Structure formats: structure tokens, C-alpha cells
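Peer 1: Before I ask anything, here is the structure I am working with.
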Amino acid sequence: MINFNDIKSIIQKTFKSSLVVNITTVALITILVKGFGFYKEVVVASNIGLSELLDTFFIALLLPGFINQVFLIAFKSVFIPNYVAELKGGDNTGTVQSTSFLITLGAGLVFTLVAFLFTDVFLETFFNGHSEDYYQLVKTQFYYLAPCIVIWGFCALLEGMLNIYNEFKFASIHPILTSISMLVCLLIFKEELQEKVLAVGMLIGSSLELLLLIIVCLRKQIINLKKVDFQNKNVKMMFNQLPARVSSGFLTGLIPVTDQYFAATLAVGSIAALNYGMKIPAFFSSIIVMALGSVLLPYFSNLNYDNRELAFKKLMTILKVLFISLIIIVIPLIIFSTPIIAILFERNAFKADDTILVANIQMIFLISIPFTICGDAIVRFLTSINKNAFLAYVSFGTMIFNFILDYIFMQYYGILGIAICTTVVQILKVLIFIQYARKQQQLPIT
């Protein structure tokens, strides 16, 4: 006989679980943040369309965004599990904080300088064949985006610290400031800022994000700086893991660069079409990735430290629930892809032909969502047990494979071929990750 009291008890425990509460909290905040960000994209589409200005803005953002993904986000990933280890097994978290801030500052400044020096070579190598005005438009916007590198680095580190201390609300809400700033610049100061409008909006918004995070961390008494010590055990572990994690981020970051490189060889507006085709898939996947990722990395870091076997069981359960749930969400979005794009973007400079192209790209990207998100969950798990070397090997293989498939598929399907390539690569990657994670269950964690 079914015991309804037992069922009720299980449901209550599930909803009271700190993991579920934290994921739900981050998801709801992320929906607000991404919803506002998506509205910003709608306004940008209406005012600018698939234009040269938007193409050059995305190109100008490539280097700063690439550096952010390669080092700064990668450093946050190795910082969290080793900071958790210091919390549980050491007594010098202030030293880990101080050393991490110093590393972030130094790396941010160096990479900013490198970005400035490398810009001309980057444009001539990857985006040759355009007019001098086109290149100047890219550079003008880049000069305002480059300082974001250091700002994003500190934001990532502070966000990681907030996540460790279960302050997920504040760690999730801050990106809304950049969307607000870009909207204000676009709607009020467009005439004054002209071609700099999007870049200036992003710089101001990023600065406001950093200010908010600093204030929150100080008020929560999370920042506790002490003497820098590169000999600390967990600091050494961060350095040991960092090359592999940076390599993984570098190689993964090459994939969108490669995609946009091939897109730039097609008709004007192809880069923008590719980016708009990613908007809705990225909107949904980023909500889930941020909700899961922000919570799962510190969650798995703690769980692996306390109960290794349970951590693996939790991973497999999470993957099964995720994949089935995402399939249910994605199918209706694929079916109604064209009317969704028409309703959201088709106005003013965004024409009916643009809608058809972007909708087709979107449908292809939507197929990859279940695999992308499950893959991200496994990456968080493998990072929590410091298996970053394997992530680097997989990233290298997928980067090479992506380049080859981009070239082949583009010959047959144009801009759609680039989207097909990305989806195929994501599917293969998650299958490799699952197989590797299962093997790790039988091995001791190092």
C-alpha cells in the first residue's frame, strides 16, 4: 500500500534541500537578468539590425571575451575547489584570497597589453579583405572594451567567493547592470556616442558590476586579505591545475573565434545572423548553466571532499534528470522557431529574409542545448576533482574537429553549416565526458 505520508515527506525534503533551493534561486535571478539582457538585444536589433556596426562590435569583443574565457574564468574554476579545500583542511583562506587577487590583477594587465599589441595582427590574419573604415570601426570599439578584461577578472573572482559562501543571489544579479548601461547608452546617448555606443555601454556596465560585488563582499565580511604566500599547499595546487584549465579554456575559446572567422568570409551580416541565431538557445542554456554551474562547482567540491562515492551518484542522477527535462523544453522551441524570431526581432531594419535565416540557425543550435548543458555539468564535476588535464585534451581535439567541420559544412550549407558543426561537436564532447567520468568512479581522486 502506498504511504502518502512518506511521499509527502520525500517531496518536502527535496524542496528543502539546499542544493535545490540554491539552484532555484539562481535560476529565477538568472531569468530576470537574461530576460533584461534579451530585451536589450531586441532593442539593439531594432535600432541597428544586421549591420556593419554590429558585426564590428562582435569582432571587437572577440579578443577581450576570449581572454576572459581563457584565463579569468578558468582561474575562477580552479580557485573554487582549492579554496574549499583550504576552508575545510586549512586555516589560511586570507592568504589564498590575497594571492588570487594578485594573480588576477597581474594577468589582467598583461593580457590587456597583449590584446592591444595583437589587435592589428588579429584583424589582418582572421578578418582580411575589408576596408580601412571597417578596421577602424573595430579598433574604436575595441579600445573601450579592452579595459573590461581586468574588470571581468575581479568580477569572476568575487563571484566565485560569493558562491562558495552561498551568497548566490548577489553573485547572480550583477550582470543586469551591463544590460541597463548599454540600453541607456543606446536609447539616450546614441547620437553623442555614435559608433562607440555599444562598447561604452559595456565598459560602464562592467565597472558598475565590479563596484556592486566589492560592496557586497565587504558588507558580508567575505574579503579577508592576508599576506601573499605562493607556498601555500592549495595555492600550489591552483598553479598546478591552472595550465591545463587555461589550455582548456583557450582551446574552447577558439571555437567561437573559428566560427566567426568562417562567418566573416560569407556575406555581410553573416556574423550578426550567427549571433542572433544563438540568442534564444543561449538565453535558455545560460539560465540553466548559470543556475547549475554556480551551485554545482562548490557543491561537488564540498561533496567530493566529504563523500566521493555519493558525489559520483549525484552526478549521474543530475545528468539523467537534466537531459530528459531539456528534451521536453527544446522540442516546442524548435517547432515554433520561425514565429518566435519574427515576433521578437522582425521590425525596422530586421527584415523577413533575416527572420528565415536566423530561425534556421536557431533550430540547429537548439538541438545542441541538452548536450551542451549536460556537458557543462560534467565539466564542473571534473573540475571539482582537479581533472583539468583531461579537459584540455578534449578541448584540443574538439577545436581541431570544429575547424575541419566548419570548413567542410560551410562549403555545402553556408552559414547554416557553421551552426551544424557546433552542434555535432557538442554531442561528441558530452559522450566523451560521460565515458571518462564513469571510469573515474573506479579510481582514487588525486
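The values are calculated or read from the model by the stated rules, or taken from the named source; none is laboratory data. All values reported here derive from a predicted model rather than from experimental measurement. Cβ sites come from the backbone with ideal geometry, for glycine too, and all protein chains shown count toward neighbours. In case anyone asks, the SASA skips ligands and DNA or RNA and just uses the protein heavy atoms, side chains included. Shrake-Rupley method; radii C 1.70, N 1.55, O 1.52, S 1.80 Å.
Peer 1: Out of curiosity, is ARG347 open to solvent by 10 Å² or more (accessible area, probe 1.4 Å) and assigned to a loop (DSSP other than H, G, I, E, B)?
Peer 2: Working: open to solvent by 10 Å² or more (accessible area, probe 1.4 Å): yes; assigned to a loop (DSSP other than H, G, I, E, B): yes.
So ARG347 passes the test.
Peer 1: Related question: Given the criteria under 24 Å from MET290 (Cα atoms) and touching a Ser or Thr at 6+ places or on another chain (Cβ under 8 Å), does PHE75 qualify?
Peer 2: Here the answer is yes, as PHE75 does meet what is asked.
Peer 1: Out of all the residues in the stretch 374-387, which are crowded, with 23+ Cβ neighbours inside 10 Å and either over 23 Å from GLN241 (Cα atoms) or of a type in the set (Lys, Arg) (or both)?
Peer 2: ARG380 - this is the single residue of the stretch 374-387 that is crowded, with 23+ Cβ neighbours inside 10 Å and either over 23 Å from GLN241 (Cα atoms) or of a type in the set (Lys, Arg) (or both).
Peer 1: Which residue, of LEU319, LEU333, LEU303, is in a helix (DSSP H, G or I), under 25 Å from the mean Cα position of the chain (by Cα), modelled with pLDDT under 85 and of a type outside the set (Lys, Arg)?
Peer 2: Going through LEU319, LEU333, LEU303 in turn, just one is in a helix (DSSP H, G or I), under 25 Å from the mean Cα position of the chain (by Cα), modelled with pLDDT under 85 and of a type outside the set (Lys, Arg): LEU303.
Here is a yes/no grid of residues against (1) in contact with a helix residue (DSSP H, G or I) (Cβ under 8 Å, 6 or more places away or on another chain); (2) under 30 Å from LYS233 (Cα atoms); (3) open to solvent by 80 Å² or more (accessible area, probe 1.4 Å):
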{"residue": "ALA389", "(1), (2), (3)": "yes, yes, no"}
{"residue": "SER395", "(1), (2), (3)": "yes, yes, no"}
{"residue": "THR398", "(1), (2), (3)": "yes, no, no"}
{"residue": "PHE409", "(1), (2), (3)": "yes, no, no"}
{"residue": "TYR413", "(1), (2), (3)": "yes, no, yes"}
{"residue": "CYS421", "(1), (2), (3)": "yes, no, no"}
{"residue": "LYS429", "(1), (2), (3)": "yes, no, no"}
{"residue": "ALA437", "(1), (2), (3)": "yes, yes, no"}
{"residue": "GLN440", "(1), (2), (3)": "yes, yes, no"}
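Peer 1: To continue, here is another question. Only one of LEU87, LEU123, LEU109 is closer than 22 Å to LYS226 by Cβ and either part of a helix (DSSP H, G or I) or in contact with a Leu (Cβ under 6 Å, 6 or more places away or on another chain) (or both); which?
Peer 2: Testing whether each residue is closer than 22 Å to LYS226 by Cβ and either part of a helix (DSSP H, G or I) or in contact with a Leu (Cβ under 6 Å, 6 or more places away or on another chain) (or both) leaves just LEU87.
Peer 1: Take SER286 and tell me if it is small (Gly, Ala, Ser) and open to solvent by less than 20 Å² (accessible area, probe 1.4 Å).
Peer 2: Details: small (Gly, Ala, Ser): yes; open to solvent by less than 20 Å² (accessible area, probe 1.4 Å): no.
Spelling it out, it is not the case that SER286 is small (Gly, Ala, Ser) and open to solvent by less than 20 Å² (accessible area, probe 1.4 Å).
Peer 1: Given the structure, is VAL184 open to solvent by less than 20 Å² (accessible area, probe 1.4 Å) and of a type in the set (Val, Ile, Thr)? Reasoning before the result, please.
Peer 2: Values: open to solvent by less than 20 Å² (accessible area, probe 1.4 Å): no; of a type in the set (Val, Ile, Thr): yes.
When the stated conditions are applied, VAL184 does not pass them.
Peer 1: Look through ALA45, ALA27 and report the one residue that is assigned to a helix (DSSP H, G or I) and farther than 23 Å from GLY201 by Cα.
Peer 2: None of the others qualify; the one that does is ALA27.
Peer 1: Name, by its number, the condition in (1) of a type in the set (D, E, K, R); (2) surrounded by fewer than 23 Cβ atoms within 10 Å (Cβ to Cβ); (3) under 27 Å from GLU195 (Cβ atoms) that does not hold for ASP55.
Peer 2: (2) is the only condition that ASP55 fails.
Peer 1: Any residue in the stretch 215-236 that is farther than 16 Å from GLY89 by Cβ sitting within a Cβ distance under 8 Å of a residue that is open to solvent by 20 Å² or more (accessible area, probe 1.4 Å) and of a type in the set (Asp, Glu)? List the pairs, counting only those 6 or more apart or interchain.
Peer 2: Qualifying pairs under 8 Å: VAL216/GLU167; LYS220/GLU167; ILE222/GLU167.
Peer 1: When the residues of the stretch 108-149 are filtered to those that are at pLDDT 85 or above and touching a Phe, Trp or Tyr at 6+ places or on another chain (Cβ under 7 Å), which remaining residue is most open to solvent (accessible area, probe 1.4 Å)?
Peer 2: In this case the residue turns out to be PHE111.
Peer 1: Please specify each residue of the stretch 82-101 satisfying the condition of being open to solvent by 10 Å² or more (accessible area, probe 1.4 Å) and within 23 Å of the chain's Cα centre (by Cα).
Peer 2: PHE101
Peer 1: OK, next. Which members of the stretch 190-242 meet the condition of being surrounded by fewer than 19 Cβ atoms within 10 Å (Cβ to Cβ), in contact with a helix residue (DSSP H, G or I) (Cβ under 8 Å, 6 or more places away or on another chain) and of a type in the set (Asp, Glu)?
Peer 2: GLU195, ASP229
Peer 1: Moving to a separate point now. Filter the stretch 225-236 for residues that are farther than 14 Å from LEU102 by Cα and of a type outside the set (Lys, Arg) and give the result.
Peer 2: GLN231, ASN232, ASN234
Peer 1: Still on this model: Starting from residues that are modelled with pLDDT under 90 and polar (S, T, N, Q), keep the ones in the stretch 403-425 and report whichever is nearest to the chain's Cα centre (by Cα).
Peer 2: Ranking the candidates gives THR422 first.
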